[in-house]
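One structure is given here, and the rest of the page talks about it.
The values are calculated or read from the model by the stated rules, or taken from the named source; none is laboratory data. Keep in mind that this is a model prediction, so the values were computed, not measured. Ideal geometry is used to build each Cβ from the backbone, glycine not excepted, and the neighbour counts take in all protein chains shown. These accessible areas exclude ligands, DNA and RNA; they are computed on the full protein's heavy atoms, side chains included. Shrake-Rupley method; radii C 1.70, N 1.55, O 1.52, S 1.80 Å.
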Amino acid sequence: MVRLYESPGRAGAGHLGPGFPVCRAEVTDLLERRLHEGDLAFRLRPFQILTRSLRPE
């Protein structure tokens, strides 16, 4: 699980670069319930909290 928080109050974007091969990245809610499939790229709104579940190969 990876939790990202955009604290400066500006929209932003990025890409996760884990040190292991990932077969699936899922977007989850704060209770870690799966919402939908995703990838390692992400966009954040101001003050957004984003949770990703990374599944290793």
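Among the listed residues G9, G19, identify the single one that is part of a loop (DSSP other than H, G, I, E, B), at negative phi and not hydroxyl-bearing (S, T, Y). Steps first, please.
Numbers: G9 fails: at negative phi.
Selected residue: G19, the only one of G9, G19 that is part of a loop (DSSP other than H, G, I, E, B), at negative phi and not hydroxyl-bearing (S, T, Y).
Can you tell me which residue among R3, R55, R43 is out of contact with any Ser or Thr (no Cβ under 7 Å at 6 or more places or on another chain), open to solvent by 100 Å² or more (accessible area, probe 1.4 Å) and assigned to a strand (DSSP E or B)? Before the answer, list the steps.
Values: R3 fails: out of contact with any Ser or Thr (no Cβ under 7 Å at 6 or more places or on another chain); R55 fails: open to solvent by 100 Å² or more (accessible area, probe 1.4 Å).
None of the other options fit; the residue is R43.
Can you pull out every residue in the range 22-40 that is part of a strand (DSSP E or B) and not charged (D, E, K, R)? First the steps, then the outcome.
From the range 22-40, those part of a strand (DSSP E or B) are 22-28, 34-38; that's our starting set.
V22, C23, A25, V27, T28, L35, H36, G38 - these are the residues of the range 22-40 that are part of a strand (DSSP E or B) and not charged (D, E, K, R).
Is there any pair linking a residue in the range 38-57 that is farther than 9 Å from R24 by Cα to one that is surrounded by 11 or more Cβ atoms within 10 Å (Cβ to Cβ) and aromatic (F, W, Y), with Cβ under 8 Å and at least six apart or on different chains, and which?
What qualifies is L50/F42; R52/F42.
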